[in-house]
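Novice: Have a look at this one before I ask anything.
Throughout, read-outs are computed from the coordinates displayed, never taken from laboratory work. Just so it is clear, the structure is predicted and the values come from calculations on it, not from any experiment. All Cβ positions, glycine included, derive from the backbone under ideal geometry; neighbour counts span all protein chains shown.
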Amino acid sequence: MTSMANSQSSVNSSSIANYNIEQTVLERYQAGAKVQQPSLCCPTDYDGNYLTILPQEIVEKDYGCGDPTRYVSEGETVLDLGSGTGKNCYILAQKVGATGQIIGVDFNDEMLKIARKYQQDIADKIGYYNTKFVKGKIQDLTLDLDLVETWLKEYPVNSIERLSQLETECDRLRQQSPLIADNSIDVVISNCVLNLVRPQDKGLLFKELYRVLKRGGRAVISDIVCDEDPTPTIINDPDLWSGCIAGAFREDQFIKMFENAGFYGIEILKREETPWQVIDGIEFRSVTIRAYKGKDGPCLERKQSIIYKGPWKQVQDDDGHIFCRGERMAVCDKTYQILTRCDSPYQTHIIPVPPYQEIPLEQATEFSCKNKAIRHPKETKGLDYKLTVTTQDIDCCSPGECC
Ligand SMILES: C[S@@+](CC[C@H](N)C(=O)[O-])C[C@H]1O[C@@H](n2cnc3c(N)ncnc32)[C@H](O)[C@@H]1O
């Protein structure tokens with residue numbers, strides 16, 4: 001991790017020494033699973049149609065702060081980080097349908113118990129079984145904590161030797177039975193959880209998010225952000241940490257965390273105007289961010305171009321390419337696909353200009369990527385293109401056409 005995103009981690013971690021963040025968070029949400037905690041609830045509007053079949057216990061013990069489920073489609077495999085009682089998972093189970101799959105991950109047995117309790121019941125109601133709840137830390141999605149606990153029952157850690165054996169076993173499990181495999185998920189969602197992770201683990205958390213997504217997959221994250229850095233007093237208050245305040249990302253740094261992890265097309269889908277809480281003048285509010293994986297890879301020349309429609313005079317993508325309004329910009333095949341495919345975040349701003357004669361992928365040469373390159377129309381049409389078409393040649397007067 002680099003620059004500002006890192007600076008937030010190091011500032012916070014040096015200020016926090018007087019309590020165990022992870023334990024504090026775990027205990028708070030173990031209690032929150034047993035009895036509803038109104039102070040942890042940030043008012044959120046879900047699509048009511050999906051709530052009608054959910055048990056009251058799940059509807060009530062909602063500790064989310066946004067609705068990332070709105071941005072998921074049928075047939076997708078979704079991972080919910082910090083799934084709690086499973087509210088977002090069960091909304092999604094209905095949205096993705098029988099061909100989709102939902103995996104909730106949480107490190108809290110009490111929450112997992114509630115989520116798992118209703119799996120069959122909800123499957124019966126919707127007519128298919130497409131949910132799974134697993135135990136893990138969201139900053140280490142390789143390690144299956146249920147498997148670790150099984151091992152620990154047989155080999156309790158009571159010596160340095162046993163500690164070393166545990167570490168070896170964890171490494172083995174990560175390698176041989178990863179909780180969530182690389183490149184296996186279409187959409188990672190999370191609702192008000194990333195802020196709870198320790199500062200020193202936040203970089204790892206974003207790497208994990210990126211690792212598990214398929215190429216072309218996306219993260220849709222609702223979380224609490226702040227407009228200024230939390231003060232040391234706020235950071236050192238365990239209740240404020242577990243209450244989704246002290247660990248909140250500063251809003252500009254939150255975006256940088258996605259950038260630094262390699263995401264592209266990062267977008268603020270929603271930002272609550274009214275803060276959820278204001279402490280010492282610092283505003284804490286909910287945002288929902290979407291970010292895509294898949295801008296790495298070779299750049300191939302297939303004579304494709306794009307025209308940026310505007311309204312800005314020029315824009316820049318996450319690879320540093322600059323697109324000038326109205327100009328025919330030369331792009332490599334990878335960038336062309338990223339900008340123009342039907343589910344692209346850029347698609348509505350872009351006019352694709354493919355070459356008249358398609359170049360097969362196998363014949364494509366290396367594209368020399370420049371930040372700003374304009375393609376001559378002759379390159380699009382082919383140098384031998386000499387067609388002449390006059391208005392007399394075009395029958396534009398048939399009913400309903402241009403005249
Ligand atoms: C604020 S609640 C949100 C629950 C759920 N997303 C919702 O919308 O109701 C945070 C949840 O994340 C879990 N959690 C917190 N830190 C975690 C971590 N590092 N790894 C896994 N789960 C975590 C907690 O146990 C709790 O269930």
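Novice: If you stretched the chain out fully between LYS117 and LYS381, how much longer would it get, using 0.36 nm times the residue separation minus the C-alpha to C-alpha distance?
Specialist: Values: separation 264, 0.36 × 264 = 95.04 nm, distance 6.18 nm.
Between LYS117 and LYS381, full extension yields an extra 88.9 nm.
Novice: Here's another thing I want to ask about it. GLN347 to TRP312: FRET efficiency via 1/(1 + (r/R0)^6), r the Cβ-Cβ distance, R0 25 Å, to the nearest 0.05? Don't jump to the answer; show the numbers that get you there.
Specialist: On the way: r = 16 Å, r/R0 = 0.65.
With R0 = 25 Å, the Cβ-Cβ based efficiency is 0.95.
Novice: Cut-off 10 angstrom, C-alpha nodes, Gaussian network model of the chain. Which of ASP67, ASP109, ASP384 fluctuates the most?
Specialist: ASP384
Novice: Note down the nm distance, to one decimal, between modelled labels 7 Å out along Cα→Cβ at TYR71 and at LEU166.
Specialist: It is 3.8 nm.
Novice: Under 5 Å between amide H atoms, partner at least 5 residues away or on a different chain: which partners does CYS65 have, H built in plane at 1.01 Å?
Specialist: HN-HN under 5 Å from CYS65: CYS192.
Novice: Right, another one. Taking the stretch 334-393, which chymotrypsin sites (Phe, Trp or Tyr not before Pro) meet the DSSP loop condition and have no more than 12 other C-beta atoms within 10 Å? Can you show the working numbers first?
Specialist: Details: sites: TYR336, TYR346, TYR356, PHE367, TYR385; in loops: TYR346, TYR356, PHE367, TYR385.
Qualifying residues, ordered by number: TYR356, TYR385.
Novice: Provide the three semi-axes, in whole Å and in decreasing order, of the ellipsoid equivalent to the stretch 300-381 as defined by the square roots of 5 times the Cα gyration tensor eigenvalues. Intermediate values should be presented prior to the final figure.
Specialist: Values: eigenvalues 74, 35, 31 Å².
Equivalent ellipsoid semi-axes, largest first: 19, 13, 12 Å.
Novice: How large is ³J(HN,Hα), in whole Hz, for each residue of the stretch 27-32 in order, when computed from phi with the Karplus curve 6.51 cos²θ - 1.76 cosθ + 1.60 and θ = phi - 60°, using x for Gly and Pro?
Specialist: Couplings: 5, 4, 8, 5, 5, x Hz.
Novice: Next question, about the same structure. Rounded to the nearest 500, what is the 222 nm mean residue ellipticity of the chain from helices alone, with -39500 (n - 2.57) per DSSP H run of 4+ residues and division by all residues? Before the final figure, lay out each step's value.
Specialist: Values: 14 runs with 130 residues, N = 403.
Counting only the DSSP helices, I get -9000 deg cm²/dmol.
Novice: Mind listing which trypsin sites (Lys or Arg not before Pro) in the stretch 260-333 are in a DSSP loop and have 10 or fewer other Cβ atoms within 10 Å? Intermediate results must be reported in sequence, preceding the final value.
Specialist: Numbers: sites: LYS270, ARG271, ARG285, ARG290, LYS293, LYS295, ARG302, LYS303, LYS309, LYS313, ARG325, ARG328; in loops: LYS293, LYS295, ARG302, LYS303, LYS309, LYS313.
Passing both the DSSP loop test and the Cβ count: LYS313.
Novice: Just to verify a number: FRET efficiency for ILE374 and GLN200, C-beta to C-beta distance, R0 = 60 Å, to 0.05?
Specialist: On the way: r = 46 Å, r/R0 = 0.77.
Here the calculated transfer efficiency is 0.85.
Novice: Quick check on packing: order 368-374, 195-201, 50-56 by the mean number of other C-beta atoms within 10 Å, highest mean leading. Spell out each step's value before the answer.
Specialist: Numbers: 368-374: 12.7, 195-201: 19.9, 50-56: 14.7.
Those peptides, ordered most packed to least, come out 195-201, 50-56, 368-374.
Novice: List the extent of the Cα atoms of the chain along each of their three principal axes, largest first, rounded to whole Å.
Specialist: Principal-axis extents of the Cα atoms in the chain, largest first: 86, 48, 48 Å.
Novice: Which far-off residues, 5 or more places away or on another chain, put their amide H under 5 Å from the one on ARG328, with H placed in the peptide plane?
Specialist: Hits under the 5 Å cutoff: ARG375.
Novice: Over 29 Å between Cα atoms, which of LYS270/LYS313; LYS87/LYS137; LYS87/LYS334; LYS125/LYS202 qualify?
Specialist: Values: LYS270/LYS313 25 Å; LYS87/LYS137 19 Å; LYS87/LYS334 37 Å; LYS125/LYS202 38 Å.
As for pairs spanning more than 29 Å Cα to Cα, those are LYS87/LYS334; LYS125/LYS202.
Novice: OK, next. If amide hydrogens are placed 1.01 Å from N in the peptide plane, which non-local residues have theirs closer than 5 Å to the one on LEU79?
Specialist: Result for LEU79 returns ILE103, VAL187, VAL188, ILE189.
Novice: Let me know the volume per residue of the alpha-carbon convex hull for the stretch 71-216, in Å³.
Specialist: Working: hull volume 17.9 nm³, N = 146.
Enclosed volume per residue, from the Cα hull, is 123 Å³.
Novice: With springs only between Cα atoms under 10 Å apart, run a GNM on the chain and tell me which of GLU272, GLU110, GLU259 wobbles the most.
Specialist: Fluctuation is largest for GLU272.
Novice: Further question: Step through the residues of the stretch 49-55 one at a time and calculate ³J(HN,Hα) from phi using the Karplus curve (6.51 cos²θ - 1.76 cosθ + 1.60, θ = phi - 60°), rounding each to whole Hz and writing x for Gly and Pro.
Specialist: Working through the residues one at a time gives 4, 8, 8, 4, 8, 7, x Hz.
Novice: May I ask you to compute the full-extension gain from VAL59 to GLN175, defined as 0.36 nm times their residue separation minus their alpha-carbon distance, rounded to one decimal in nm? It would help to have the intermediate numbers written out before the result.
Specialist: Details: separation 116, 0.36 × 116 = 41.76 nm, distance 3.68 nm.
That pair, VAL59 and GLN175, stretches by 38.1 nm at full extension.
Novice: Are any of the pairs LYS113/LYS256; LYS256/LYS303; LYS95/LYS370; LYS214/LYS303 more than 30 Å apart by Cα-Cα distance, and if so, which? Mind showing how you got there, number by number?
Specialist: Working: LYS113/LYS256 35 Å; LYS256/LYS303 32 Å; LYS95/LYS370 41 Å; LYS214/LYS303 27 Å.
Too far apart for the 30 Å limit: LYS113/LYS256; LYS256/LYS303; LYS95/LYS370.
Novice: How many nm is it between the label spots at TYR356 and THR150, if each spot is 7 Å from the Cα in line with the beta carbon?
Specialist: With each label point 7 Å from Cα toward Cβ, the separation is 6.4 nm.
Novice: Run the simple label-point estimate for THR52 and GLU27 please: 7 Å along Cα→C-beta, distance reported in nm.
Specialist: 4.3 nm
Novice: Please work out how much length the chain gains when fully extended from TYR19 to CYS299, using 0.36 nm per residue of separation minus the C-alpha to C-alpha distance, in nm with one decimal.
Specialist: Numbers: separation 280, 0.36 × 280 = 100.80 nm, distance 4.84 nm.
Length difference between fully extended and current span is 96.0 nm.
Novice: Can you give the Rg and Dmax of the stretch 138-256 based on its C-alpha atoms, in angstrom?
Specialist: For the stretch 138-256, the Cα-based Rg and Dmax read 17.2, 48 Å.
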